[in-house]
Every structure is written in structure tokens, then in C-alpha cells.
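K.L.:
Structure incoming, see below.
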Amino acid sequence: MDRVALRGLAARGHHGVFEREREQGQTFVVDLDMGLDTRSAAESDDLSRTVHYGVVAEEVVAVVEGEPVDLIETLAQRIADTCLRHEAVREVEVVVHKPDAPIAVPFEDVTITIKRSRA
């Protein structure tokens, strides 16, 4: 399986269980690793036979900026579902970073990583 990766997609969202997260919003960063077979695209040099990562990036940002959810697990699932709607994508690993999570002690980052594939 070949891989197409996008790293560091940043967008402002209003996700979280606390009222201030919903009101003020915060930056979320998303990393994607999509599995697909790129042989046909490589042989034909045809974009329609692979995944258009620019389109995927725009769609993922729209999910992050879209309808708020309580959990980053839910956000990650919505992003995975978005990626798997692209015909060429067979599997995806999604990492959602929440670097400004409301934690009282010093920390660098909070992440959720999920892996999903077509049934």
C-alpha cells in the first residue's frame, strides 16, 4: 500500500467539553496518512486515479472549522470519514493535536490517533 501524507494542517475549531473552549475556540492541528494504490496514477500520470491532497486538505480544515463536538475522538472520526469518501483512499491514519487543551500542568501536546479502513 502506498502512502500520501499531509502534516500540520492547522485550523481553528470550537471543540471541547468546556464552555470557554466552545466560545473562544482554539487551534487544532491534523496529520493524515492515507493508504492507496498509486500505480495506475503513476503509469497514466492522471490525477483522477489518485487522491487530490489539496482537496482533502480543504475538506479536513472545513471539518475542524465546522460543527463543534465535545471530544477530539469524534473530530478524528469525522476527519477519517471525510478521507475515506475519496474513492482511491483505502485506509487512513488521523492524528488530531490539541496543543492548547485546558490542562492545569505544563504540557506540550495532546493527541488522538485513529486508524480506519474500508470494510
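Quick note: the coordinates plus some simple rules give every number you see, no bench work behind them. Worth saying up front: this structure is predicted, and the values here are computed from it rather than measured. Quick reminder, even Gly has a Cβ in these numbers, built from the backbone with ideal geometry, and neighbours come from all protein chains shown.
K.L.:
For residue 101, state whether it is hydrophobic (A, V, I, L, M, F, W, C) and closer than 28 Å to residue 17 by Cβ. Talk me through it step by step, then tell me what you get.
P.N.:
Numbers: hydrophobic (A, V, I, L, M, F, W, C): yes; closer than 28 Å to residue 17 by Cβ: yes.
Yes; evaluated as a whole, the condition is true for this residue.
K.L.:
Anything in the stretch 88-113 that is free of Cβ contacts under 8 Å to residues at least 12 places away in the same chain and not aliphatic (A, V, I, L, M)? List them, or say none.
P.N.:
Hits for the stretch 88-113 are 106, 107, 108.
K.L.:
Scan the stretch 38-63 for residues that are more than 30 Å from residue 14 (Cβ to Cβ) and either among the small types (Gly, Ala, Ser) or in contact with a strand residue (DSSP E or B) (Cβ under 6 Å, 6 or more places away or on another chain) (or both) and jot them down.
P.N.:
Of all residues in the stretch 38-63, those more than 30 Å from residue 14 (Cβ to Cβ) come to 38-50.
Once the filter is applied, which keeps residues that are more than 30 Å from residue 14 (Cβ to Cβ) and either among the small types (Gly, Ala, Ser) or in contact with a strand residue (DSSP E or B) (Cβ under 6 Å, 6 or more places away or on another chain) (or both), the stretch 38-63 yields 38, 40, 41, 42, 44, 48.
K.L.:
Only one residue in 3, 22 is more than 18 Å from residue 114 (Cα to Cα) and touching a Gly at 6+ places or on another chain (Cβ under 8 Å), so which one is that?
P.N.:
Details: 3 fails: more than 18 Å from residue 114 (Cα to Cα).
Only one candidate qualifies: 22.
K.L.:
Would you check which residues across the stretch 10-36 are farther than 18 Å from residue 91 by Cβ and in contact with a helix residue (DSSP H, G or I) (Cβ under 6 Å, 6 or more places away or on another chain) and list them? Can you show your working first?
P.N.:
Step one: filter the stretch 10-36 for residues farther than 18 Å from residue 91 by Cβ, giving 10-29.
Within the stretch 10-36, 11, 13, 14, 15, 28 meet the criteria.
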